[in-house]
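Here the structure is laid out as structure tokens; the discussion comes afterwards.
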Amino acid sequence: MAMLGKAVRMSRLVNPKSDKMMAITVDHSFSRGIMTGLIPIQATIDKIVAGRPDAITMTKGIAELCWPKHAGKASLLLKSSSYSPVNPTSDVLFGDAEEGVRMGADAVSIGAMMLGDFQAQQIHDIGMMSKQCMSLGMPLIGHIYPKGESVAPEDRTKWENIAYCVRAGAELGVDIIKTTYTGDMESMHMVIESCPARVVIQGGDTCKTLDDYLQMTRDALDCGVGGVTMGRFVWEYDDVTALVVVLRKIIHENYSVKDAKELLMQLENDKDYANY
Ligand SMILES: O=C(CO)COP(=O)(O)O
């Protein structure tokens, strides 16, 4: 029965036609400090939902306060751990899978900063959470990055380090592993090959322009990435809803960057989001 529950929830997360997942995340304030794109958070969530992503990631307190008006419009992914500006290499658990069931979530998600001083505790936490998730039929998403103390900043996109993270997630029973794009399709394909579970990418902070961001998304999907869980770039963009619509077209309808940009310009003018 638990396997059936997981299958039902996964079917809401992953689009059956494209076989990709599109999630937007608004869980950053805890880990990165206050960011203006998430103020006020209700307004940001409203704009994201208007673009109709498959899912949205947030913490339990924000979900209780801001999700009720949208319940059922997209999957809720319950973020249940965080690092913080004072402990940037250590995610700490603050929730469990039962809360996900109670709140109607389609997945619970937790983070880990690998290859650093706090890896052991984080591996333990993921293992315990995957045990709970398996028994409750709850998909588990891991935000797993090679950002521990032993990795130099310039090596955080090295494919071997990212492959280590995603493989570790799969070994621990994580269903969907979110990590960083390596920067090129060939090495990202190696990452995908390293991991029998679904790999999705964050938006990250390496793309400075819209063109680069859309191109990264297109390339990632084309080399086998199973979807996205994107945050900062999306809700820092002037027209959040238009960008969510356009990303959805790239992810689920195979839009080229050129077609996506044309639609973005059009939506920024006419605000006709509902028809796309
Ligand atoms: O790390 C993230 C927060 O969960 C992911 O989102 P971005 O990197 O796209 O902001």
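Values quoted throughout were computed directly from the atomic coordinates according to the rules given, and no laboratory measurement underlies them. The model shown is predicted, which means the values in this text are computed figures rather than measured ones. So basically every Cβ, Gly included, is an ideal-geometry build from the backbone, and we count neighbours across all protein chains shown.
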Checklist entry - Using r as the Cβ-Cβ distance of Leu136 and Phe94, and R0 as 25 Å, what FRET efficiency do you calculate, to the nearest 0.05? => result 0.90
Item to check | Considering only the chain, percent of DSSP beta bridges that pair antiparallel, nearest 5 | outcome: 10 percent
Next on the checklist: Take Asp212 and Asp238, extend 7 Å from each Cα along the Cα→Cβ direction, and tell me the distance between the two endpoints in nm.
Outcome noted: 2.0 nm
Checklist outcome for this item: Given pairs Lys73/Lys261; Lys69/Lys258; Lys47/Lys69; Lys147/Lys261 and cut-off 23 Å on Cα-Cα distance, the over-length ones are Lys73/Lys261; Lys69/Lys258; Lys147/Lys261
Checklist entry - Between Pro153, Ser80, Met103, whose Cα lies farthest towards the positive end of the dipole of the chain when Lys and Arg beta carbons carry +1 and Asp and Glu beta carbons carry -1, centred on the Cα centre? => result Met103
Checklist outcome for this item: A correct Stokes-Einstein calculation for segment 2-275, using the alpha-carbon Kirkwood radius, 4 °C and 1.567 mPa s, returns a whole-number D in µm² s⁻¹ of 70 µm²/s
Item to check | Sequence-distant lysines (8 or more away, or on other chains) whose Cα lies within less than 16 Å of Lys20 | outcome: Lys178, Lys249
Item to check | By average C-beta atoms within 10 angstrom, highest first, the peptides 151-158, 238-245 | outcome: 238-245, 151-158
Checklist entry - Separation between the Lys73 and Gln42 pseudo-spin-labels, each 7 Å from Cα along Cα→Cβ, expressed in nm? => result 1.3 nm
Checklist entry - In whole Å, how far is the Cα centre of segment 39-102 from that of segment 179-246? => result 20 Å
